[in-house]
Structures are given as structure tokens and as C-alpha cells.
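Here's the structure we're looking at; comments come further down.
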There are 2 protein chains.
Amino acid sequence: MSLTNASPADAALAAKSASHILQTLSVADRNEALTLIHDSLAAAKDDILAANARDLELARAAAADGTLSQSLVSRLDLGKPGKWEDMLKGILDVRSLADPVGRVTLRTLLDDGLTLERVTCPIGVLLIIFEARPEVIANIASLAVKSGNAAILKGGKESTESFVAISRVISAALDLSLVPNAVVQLVTTRDVIPDLLALDRHIDLVIPRGSNELVRYVKDHTKIPVLGHADGLCSIYLDPSADPAQAAAVILDAKMSYPAACNALETLLVHESALATLLPAIAASLLAAGVQLRCDARSKSALPASPHIIDAVPADYDTEFLSLILAIKTVTSLDEAVAHINAHGSHHTDAILTEDAASAERFMAAVDSSGVYWNASTRFADGMRYGFGTEVGISTNKIHSRGPVGLEGLMIYKYKVRGRGHVTAVYGEGEGKRRFRHESLPL
Amino acid sequence: MSLTNASPADAALAAKSASHILQTLSVADRNEALTLIHDSLAAAKDDILAANARDLELARAAAADGTLSQSLVSRLDLGKPGKWEDMLKGILDVRSLADPVGRVTLRTLLDDGLTLERVTCPIGVLLIIFEARPEVIANIASLAVKSGNAAILKGGKESTESFVAISRVISAALDLSLVPNAVVQLVTTRDVIPDLLALDRHIDLVIPRGSNELVRYVKDHTKIPVLGHADGLCSIYLDPSADPAQAAAVILDAKMSYPAACNALETLLVHESALATLLPAIAASLLAAGVQLRCDARSKSALPASPHIIDAVPADYDTEFLSLILAIKTVTSLDEAVAHINAHGSHHTDAILTEDAASAERFMAAVDSSGVYWNASTRFADGMRYGFGTEVGISTNKIHSRGPVGLEGLMIYKYKVRGRGHVTAVYGEGEGKRRFRHESLPL
């Protein structure tokens with residue numbers, strides 16, 4: 001891992017070269033590098049926490065001035081109970097994942113002695129732009145090494161001391177391994193993000209990890225494919241046949257378990273036949289939890305008056321509140337709910353609450369989102385919860401990777417053809433031409 | 001299929017809505033639409049060929065004026081032997097392909113009663129921009145209907161009469177099916193390409209089919225993901241251990257079987273130890289076939305003098321000639337060949353000729369291209385030859401789809417979660433928290 005003051009273009013070229021070497025290393029060599037990173041970080045705990053304390057001191061002063069948010073200070077703190085241990089455990093977790101490189105996903109006998117294989121391989125060079133969490137360096141370095149990708153990291157300035165301390169340790173660890181040092185580079189020069197985003201010839205994928213504003217800025221300023229999501233406007237559709245207790249529990253969990261999360265509930269669509277039967281109890285529990293309800297006229301009139309129930313304006317149905325506010329809208333059919341979600345949602349995660357299996361399946365087929373759920377909280381949309389071990393983000397893209405993205409999302413494939421001097425001109429449909437065999441071979 | 005004069009934005013919105021309906025249709029319904037399209041086109045052969053004849057008349061006049069190339073006139077002609085039949089057969093071929101929609105590729109038991117499924121689904125709305133070939137409409141309409149995607153088509157003006165005739169027939173056929181008419185729309189208004197390319201909120205993927213200039217223009221003018229390749233600079237590395245007869249045959253096929261193809265050979269890298277042993281016979285056969293050789297000093301001095309062997313300039317190693325010109329360069333090692341290809345190639349298809357398996361495997365692991373071949377012609381890079389039945393193009397992208405792209409490249413997936421009122425707040429590592437089961441279930 002280099003701590004580089006190189007120009008963005010030089011860093012990208014070094015990353016590309018390093019990725020080409022990394023791709024040829026065995027999984028044992030890559031895992032050995034992860035062991036070295038883990039052990040070196042464990043040995044350097046005191047130094048790293050001392051560096052983190054210096055970042056924290058500045059950040060606390062900035063928070064006291066009001067120039068930095070308290071939540072950012074909290075994300076910065078590597079000394080919080082369990083955080084250091086989680087960071088180290090994350091490296092070992094990645095090490096224990098199956099090797100994503102070199103998996104054969106298609107094998108065809110094209111003709112005698114001529115075989116086609118589709119084999120997974122790394123994408124190449126990743127650019128990861130992130131904000132305050134210093135442990136992200138260790139996570140991303142592990143994922144990059146394991147997946148055979150090179151990574152250029154650009155972190156937020158609040159964590160500079162921590163980043164530099166961690167990357168020195170990782171760099172020294174990589175020097176003891178067969179993995180080229182330039183596989184992970186931390187760019188410490190300032191204001192280089194626009195320059196990095198312009199390097200679409202050398203960088204293959206950008207992963208922004210941070211606020212919506214960061215993601216949106218990245219998406220708007222690069223031709224490099226971006227993996228992530230700017231918005232998480234998740235909806236639940238309440239069908240009249242929903243189980244009342246389940247519905248209340250799921251809606252409360254989806255809104256309350258972490259209101260600032262991208263997979264939290266923002267809009268509740270209520271079938272008109274559920275207004276009188278199901279909505280009042282659900283609304284009561286939401287109000288008791290401190291949620292403000294922004295209702296259309298029909299849903300409002302189904303509820304007792306309350307200062308915390310106000311009239312929705314159209315923009316409420318396009319807003320990711322990330323707070324204790326919920327937009328509620330009445331619909332007259334499942335189709336109307338689906339159309340609303342497809343038009344106003346962010347294609348992240350949406351759920352239907354119903355006891356009717358046919359309605360559930362129709363909803364899940366028709367809603368155009370990364371996650372479509374039946375009788376479960378939208379908050380399950382998460383790589384750890386899906387069993388992916390680790391995630392690099394949640395994608396709302398329509399190509400490559402969608403939903404929580406694990407190691408698989410950092411892979412692409414190449415086609416290997418092995419022949420014995422085969423040429424194309426002899427094949428064809430005409431007289432005297434050879435035909436392809438195109439027989440599937442076992443993987 | 002609408003023949004639309006709607007604004008690009010209205011066409012895209014109509015496509016999005018249509019795609020949402022199409023996604024919920026069964027494969028039987030989608031295949032029925034393909035049967036109707038096939039039968040209607042077959043019945044309308046005379047009308048369509050008459051329209052095509054009007055396009056041809058204008059095109060031949062333009063070719064006589066020198067304002068249109070003769071090869072474009074040839075591509076335009078639907079009456080060429082076999083072309084009409086191939087177009088119709090292509091529709092039935094697509095109909096017979098396995099349904100790409102709704103394949104379950106991952107199934108996990110998250111907890112009792114809570115399952116996760118990853119299911120393939122269409123990407124959404126495709127924009128296909130193409131040049132003269134009128135049969136592309138029928139191909140693309142079939143692929144779109146089969147894959148559950150909506151397609152907006154914008155064709156070259158030389159084929160307007162043919163396009164309009166074919167799309168009227170397809171439109172009438174779709175009206176007899178359950179597939180919404182707006183699933184395939186032909187935009188006939190002029191100069192709308194920049195407007196279409198700006199619709200990144202409504203269009204999910206652009207597929208340009210045509211010249212390098214078209215592809216490059218599209219890539220440079222949109223934020224929508226583009227599937228395709230602008231360049232095809234393919235190389236072959238000639239190892240000293242290559243079989244002489246095989247090497248000559250493969251190189252000749254790669255250069256000569258279709259010199260204007262994207263998978264044709266442009267650069268030959270020769271190991272210094274092969275200069276005296278292998279190159280002279282290969283060069284002789286290339287010269288006999290009419291190829292001009294642009295050589296570095298070492299390879300030139302290994303060959304007898306000829307007016308068709310000239311000194312290479314550096315730009316020759318970055319040029320896709322698409323004609324009877326071949327750049328030749330001497331390298332001192334396999335690693336140098338790999339580094340040259342990774343730096344100067346277009347990541348399309350590259351081959352090694354060798355009898356040494358270890359060298360071949362190292363080359364295939366290290367070369368960062370869609371296709372990496374051992375003892376086979378680069379011209380095998382093609383969806384039909386790979387056994388994909390049909391292809392929408394060859395991609396040199398690093399994400400989503402790489403190499404020849406079949407129906408699979410038009411698909412993405414969604415995650416379906418089915419629960420019984422499951423909430424997230426009860427899960428965790430602490431005392432009294434539930435653990436996920438994360439058990440793989442059979443597909």
C-alpha cells in the first residue's frame with residue numbers, strides 16, 4: 001500500500017500495472033497478504049489509536065464549533081468498544097471467503113480440440129471515495145487483495161492521521177508479501193477527486209461510500225461506472241389482507257430500527273380497504289414512537305386528529321426523509337401501488353404486506369427494485385443480513401450488480417479459448433464446411 | 001411496436017411503462033408474440049421488399065454520386081440471397097432459446113420462514129442506435145420481447161422506408177398479442193440522438209451497432225451505460241515454441257478471413273527467438289495474400305527485402321487498420337508481449353501461439369481482454385461461434401458483460417425476500433439476539 005503524493009494519473013497507471021501482477025497470484029499468496037495485514041495491524045494497535053486520537057481531538061473541537069456533526073465524530077472513533085476488533089475480524093472474514101477469481105461459469109466444446117471457457121476475473125482498478133470511517137481502509141484493502149483488484153483510496157480529511165497510520169502499516173505488511181505494494185494506494189493530496197474521476201481510461205469502477213451528496217456528486221462528474229446508490233426511498237404497500245400484528249411490527253421495524261439508513265421506510269401506501277381496518281393501530285404505534293405522519297386526505301380522515309398528523313404535499317412522496325417522518329398515501333389497487341413505487345421510489349427495496357400469495361408474487365414481479373419483499377422489513381437489505389459476509393455497498397444500478405454487493409460485484413469474466421491451430425474460415429453452413437459442435441461440458 | 005413521432009422523453013416513458021407490463025408476462029405469451037411477428041413478416045414479404053427497393057434506389061444513386069459507400073448499399077439490401085430467410089429464422093431461433101427471465105441463481109434460508117432468492121429479470125429500457133441494416137429491427141424486436149426489455153430503436157436514414165414497413169408489420173403483430181405495443185418503438189424524428197442520450201433517468205442501457213465513430217460518439221455523449229466496443233485492436237503473440245504450420249494458418253485466418261472485422265488481427269508480436277525460425281514463412285504467406293507488413297527494425301532485418309515490408313512508426317502499434325496492413329513487433333519475453341497488449345490493445349481478443357502449456361496459461365491469466373486464446377484465431381470471438389445463438393454485440397466493458405453478449409447480457413436480477421412478518425431489530429451478536437441461519441437452499 002502506497003501512501004502516495006503521485007498525480008492521480010500516475011497513481012492509476014501504477015494501480016493498473018499492480019493489478020495485472022495481482023491477477024496472476026494464487027489465492028494462497030493473496031490470503032497470505034491478508035494474514036500479514038491482520039497481524040501487522042494487531043501489532044500496531046497503540047500507534048494507530050494514538051493517531052486516531054489526534055484526529056478525534058481536532059474533530060471534537062470542530063464539533064464544538066459547530067463546523068462538524070457529532071455523528072461524524074462518532075464514526076471517526078476507532079476506540080469505540082468493539083470497533084477495532086471488528087476491523088481485524090473483517091480481514092480474517094474476507095480471508096476465509098471462497099476465492100472469487102478463476103471460477104469457471106461456462107464450458108463449451110466448440111469443436112474437436114477447441115474449447116471455450118468463461119472464467120471469473122477481477123475488474124481491474126477500483127476508486128473508492130469515502131468519508132470519515134478510518135476502518136474502511138482495512139476493509140477495502142482486504143477486499144481488493146482477495147478479489148485481485150487494485151484500489152485507489154481517497155478518504156475524508158477528518159480521518160487523515162488515522163488513514164496515514166493504518167496505510168503505513170498495511171504498506172509494510174504488503175512489502176513482506178507477493179502482492180505488489182501499489183495494489184492499494186491512499187491518495188493524500190487534496191482536491192484530487194475531479195482529477196481521479198476524469199481517469200475513465202485507467203479506472204474501471206468507482207465506489208463512493210458516504211453521504212447521498214457524495215454519491216450524487218460522483219455520479220454527476222464521471223464517465224467511469226459508479227457502484228452505489230444516491231437515494232434510498234423505500235416503500236411498503238399495505239394490502240387489506242395483511243396480518244394486523246405482523247404489519248404493525250414490520251412497519252415499525254422498517255421505520256424505527258435505524259431511520260437514517262438507506263433501507264428505512266419512507267412511504268406507506270395503504271389500500272383503501274385497509275384504511276379503517278389496519279391503518280389506525282399502525283398509525284397509533286408510529287405516533288407513539290414519535291413519528292410524524294404526512295397523510296393524503298383519505299388516510300388522514302381515517303385517523304383521529306393529532307398534531308403529529310399533517311397534510312402531505314406532493315414532494316413528500318419523492319422525499320427520503322431519513323428521520324422520524326413517514327409519508328402515507330391511499331391507493332385503490334395493488335397496480336396503483338406498484339405504479340407509484342416504480343415512479344416515485346428509488347428502486348432500492350420495497351415490500352408488500354399481505355396474506356395473499358398471488359398478490360405478493362405479482363408485486364414482487366412488477367416492482368422494479370433491487371429488493372422486493374413479502375412480509376418482511378425493508379431493513380433486511382444488507383450484505384451481512386443476506387449472508388454475503390461483507391458488502392462494498394448497495395447498488396441501485398440496472399446493470400452489473402444490484403442490491404447489496406459482495407465480492408462477486410468486484411468480479412467480471414474473460415473467455416478463454418484453447419485450440420490446436422483452429423481457424424474460422426473452415427466453418428459455415430455451406431457444402432464442405434465444418435459445423436460447430438457447441439456441446440456443454442461439465443464445469 | 002409504435003412508429004413514433006413522440007418526443008424522446010415521451011417515448012422513453014412509454015417504453016418504461018410497457019417494460020413493466022412485459023416483465024409480468026409468461027414466456028408463453030412472449031413466445032406467442034414472436035410467432036405473430038414471424039408470421040406477419042412472412043406474409044408481408046412483398047410489401048417490405050418493395051419498400052426496401054425504394055431505399056436501395058436512393059442509396060444506389062447516392063453511391064453513384066460518391067456520397068454513400070458501396071458497402072452500405074450492400075448492407076441495406078434485404079433482397080440479397082438468404083438475407084430475408086435469415087431474418088425470419090433469427091426470430092424463431094430467439095423464440096427457441098431458454099427463457100432468460102426468472103431464473104433463480106441464489107437461494108438462502110436467512111432464518112426460519114425467511115428466504116432470500118436472487119432472480120434474473122430484464123434490465124428495463126434499451127436504446128439501440130444502428131446504421132443501415134434493416135433486418136436489425138426484427139432481430140432487436142425479438143430479443144427485446146424474449147428478454148422482457150423494452151427497446152427504443154433509432155436507425156440510419158438510408159433505411160427509412162424499410163424500417164417503416166417492417167415496423168408497421170411488427171406493430172400490427174404485437175397488437176394481436178399480450179405484449180404492449182410500446183415495447184418496441186421506432187423513433188423516426190430526425191436529429192434526436194442527443195436528446196435520447198440525455199435520458200439517463202429513463203433509459204437503462206444503450207447499444208450502438210455500427211461504425212467505430214458511432215460507438216465512440218455514443219460513449220462520449222451519454223451517462224447511460226453503453227454496451228459495445230469502439231475499437232478492436234487484436235494481437236497475436238508468436239512464441240518460439242509455436243507449431244510452424246498451425247501458427248501460419250491461425251495468423252492468416254485472423255488477418256484474412258475478414259480484415260474489416262473487429263476481431264481481425266492488427267498486431268503480431270514475435271519473440272526474438274522466433275524471428276529466424278518462424279517469422280519468414282509466416283511473412284511470406286501474408287505477403288502472398290497481399291498484406292503490407294509494418295515492421296520494427298529487428299523483425300524487418302529478419303525478412304528478405306520487399307516493397308510490401310516497411311518501417312513501422314509508433315502509431316502503427318495503436319492502430320486498428322481494418323485492412324490488409326499488419327504491424328509486427330519484436331519482444332524479448334512473454335511478459336513484454338503481455339505488457340504491450342495490455343497497454344496498446346483494446347481489450348477485445350488476443351492470442352498466444354505456443355506448444356508450451358504453462359506459457360499459454362500465464363498469457364491467458366495476465367492479458368486483460370474479453371477473449372484470451374491459445375492456438376486459435378482471434379476471429380472466433382463471436383456470439384454465433386461461441387454457441388450463444390444470437391448476439392447483441394461484443395463488449396469491451398469491464399463491468400456487466402464482456403465479450404460476445406447474448407440474451408444474458410440484457411438481464412439483471414432482483415432479490416426477493418419472503419417472510420412471515422420478520423423484523424431486523426431482533427437479530428444481532430449480543431445476548432438474547434437471534435442469529436441468522438444463512439443456509440444455502442437448492443436452486
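In this structure, is B:Val338 within 13 Å of another protein chain (Cβ to nearest Cβ) and in a helix (DSSP H, G or I)?
Details: within 13 Å of another protein chain (Cβ to nearest Cβ): yes; in a helix (DSSP H, G or I): yes.
Yes.
Return the only residue of A:Ala132, A:Ala150 being crowded, with 23+ Cβ neighbours inside 10 Å, at pLDDT 95 or above and among the hydrophobic types (A, V, I, L, M, F, W, C). Quick ask: steps written out before the conclusion?
On the way: A:Ala132 fails: at pLDDT 95 or above.
On inspection, the qualifying residue turns out to be A:Ala150.
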What pairs come up if the first residue lies in the range B:372-383 and is free of Cβ contacts under 8 Å to residues at least 24 places away in the same chain, the second is outside any strand (DSSP E or B) and not aromatic (Phe, Trp, Tyr), and their beta carbons are under 6 Å apart, counting only those six or more places apart or on different chains? B:Val372/B:Met364; B:Trp374/B:Ala360; B:Gly383/B:Glu391; B:Gly383/B:Gly406
Does any residue of the range A:95-105 turn out to be touching a residue at least 40 places away in the same chain (Cβ under 8 Å), within 14 Å of chain B (Cβ to nearest Cβ), touching a Lys or Arg at 6+ places or on another chain (Cβ under 8 Å) and farther than 15 Å from A:Leu34 by Cβ? yes
Any residue in the range B:37-64 that's touching a residue at least 24 places away in the same chain (Cβ under 8 Å): show its pairings with residues that are of a type in the set (Gly, Ala, Ser) and not in a helix (DSSP H, G or I) at Cβ separation under 8 Å, as long as the two are six or more apart or on different chains. B:Leu49/B:Gly79; B:Asn52/B:Gly79; B:Ala53/B:Gly79
Quick one: count up the residues across the range B:342-385 that are at the interface with chain A (Cβ under 7 Å from one of its Cβ atoms), closer than 14 Å to A:Leu110 by Cβ and either buried (at least 24 other Cβ atoms within 10 Å of the Cβ) or more than 15 Å from the chain's Cα centre (by Cα) (or both). 8
Residue tally, condition part of a strand (DSSP E or B) and more than 21 Å from B:Ser333 (Cα to Cα), over the range B:264-304: 2
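Restricting attention to the range B:9-32, report how many residues are among the hydrophobic types (A, V, I, L, M, F, W, C) and touching a Lys or Arg at 6+ places or on another chain (Cβ under 9 Å). It would help to see each step written out before you state the result.
In the first step, residues of the range B:9-32 are kept if they are among the hydrophobic types (A, V, I, L, M, F, W, C); the result is B:9, B:11-15, B:18, B:21-22, B:25, B:27-28.
Still in the list and also touching a Lys or Arg at 6+ places or on another chain (Cβ under 9 Å): B:12, B:22, B:27.
Qualifying residue count for the region: 3.
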Residue by residue through the range B:407-443, note down the ones that are among the hydrophobic types (A, V, I, L, M, F, W, C) and either surrounded by fewer than 21 Cβ atoms within 10 Å (Cβ to Cβ) or within 26 Å of B:Ala144 (Cα to Cα) (or both). B:Leu407, B:Leu410, B:Met411, B:Ile412, B:Val423, B:Ala425, B:Val426, B:Phe436, B:Leu441, B:Leu443
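Does A:His344 satisfy the condition of being touching a residue at least 60 places away in the same chain (Cβ under 8 Å), farther than 30 Å from A:Asp99 by Cβ and not hydrophobic (A, V, I, L, M, F, W, C)?
Working: touching a residue at least 60 places away in the same chain (Cβ under 8 Å): yes; farther than 30 Å from A:Asp99 by Cβ: yes; not hydrophobic (A, V, I, L, M, F, W, C): yes.
Judged against the criteria, A:His344 is a match.
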Check A:Asn397 against each of (1) in a loop (DSSP other than H, G, I, E, B); (2) at the interface with chain B (Cβ under 7 Å from one of its Cβ atoms); (3) in contact with a Pro (Cβ under 9 Å, 6 or more places away or on another chain) and name the one condition it does not meet. (2)
If B:Val392 satisfies all but one of (1) facing another protein chain (nearest Cβ under 9 Å); (2) in contact with a strand residue (DSSP E or B) (Cβ under 7 Å, 6 or more places away or on another chain); (3) surrounded by 23 or more Cβ atoms within 10 Å (Cβ to Cβ); (4) within 22 Å of B:Val215 (Cα to Cα), what's the number of the condition it fails? (1)
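Could you please let me know if A:Ser273 is farther than 30 Å from A:Pro194 by Cβ, small (Gly, Ala, Ser) and either surrounded by fewer than 18 Cβ atoms within 10 Å (Cβ to Cβ) or at pLDDT below 95 (or both)?
Values: farther than 30 Å from A:Pro194 by Cβ: yes; small (Gly, Ala, Ser): yes; either surrounded by fewer than 18 Cβ atoms within 10 Å (Cβ to Cβ) or at pLDDT below 95 (or both): yes.
Yes; evaluated as a whole, the condition is true for this residue.
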With the requirement that a residue be within 12 Å of another protein chain (Cβ to nearest Cβ) and not in a helix (DSSP H, G or I), what does the range A:241-261 give you? A:Ala242, A:Asp243, A:Ser257, A:Tyr258, A:Ala261
Just wondering, is there one or more residues in the range A:112-120 that are assigned to a helix (DSSP H, G or I), aliphatic (A, V, I, L, M), assigned by TED's automatic domain parsing to the domain that holds A:Ser7 and crowded, with 21+ Cβ neighbours inside 10 Å? no
Within the range A:198-225, how many residues turn out to be farther than 20 Å from B:Arg216 by Cα and of a type in the set (A, V, I, L, M, F, W, C)? 5
Can you work out which of the residues in the range A:400-411 that are assigned to a strand (DSSP E or B) and within 10 Å of chain B (Cβ to nearest Cβ) is farthest from A:Asn263 (Cα to Cα)? A:Met411
Residue under question is A:Val187, and the condition is that it be buried (at least 20 other Cβ atoms within 10 Å of the Cβ), over 20 Å from A:Ile21 (Cβ atoms) and modelled with pLDDT under 90; does it hold? yes
Residue that is surrounded by the fewest Cβ atoms within 10 Å (Cβ to Cβ) [pool: residues in the range A:190-228 that are in contact with a helix residue (DSSP H, G or I) (Cβ under 7 Å, 6 or more places away or on another chain), of a type outside the set (Asp, Glu) and more than 14 Å from chain B (Cβ to nearest Cβ)]: A:Val192
Kindly indicate which of A:Asp29, A:Asp93 is at negative phi and at pLDDT 95 or above. A:Asp29
Of the conditions (1) out of contact with any strand residue (DSSP E or B) (no Cβ under 8 Å at 6 or more places or on another chain); (2) within 14 Å of chain B (Cβ to nearest Cβ); (3) part of a loop (DSSP other than H, G, I, E, B), A:Pro307 fails just one. Which one is it? (2)
With the condition kept exactly as written, say whether any residue in the range B:195-215 is of a type in the set (Gly, Ala, Ser), in contact with a His (Cβ under 9 Å, 6 or more places away or on another chain) and assigned by TED's automatic domain parsing to the domain that holds B:Ser7. yes
Which residues, counting only those in the range B:279-317, are closer than 19 Å to B:Val338 by Cβ and touching a residue at least 40 places away in the same chain (Cβ under 8 Å)? B:Tyr317
Restricted to the range B:412-443, and to residues that are in a strand (DSSP E or B) and more than 8 Å from chain A (Cβ to nearest Cβ), which residue is farthest from A:Glu117 (Cα to Cα)? B:Arg434
Taking A:Ser241 and the conditions (1) in contact with a Ser or Thr (Cβ under 8 Å, 6 or more places away or on another chain); (2) more than 23 Å from A:Ser370 (Cα to Cα); (3) crowded, with 22+ Cβ neighbours inside 10 Å, which numbered condition does it fall short on, given that it satisfies the others? (3)
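The values are calculated or read from the model by the stated rules, or taken from the named source; none is laboratory data. Fair warning: this is a prediction, and the values are worked out from it, not measured in the lab. Don't worry about glycine lacking a Cβ; one is built from the backbone with ideal geometry, like all the others, and counts go over all protein chains shown.
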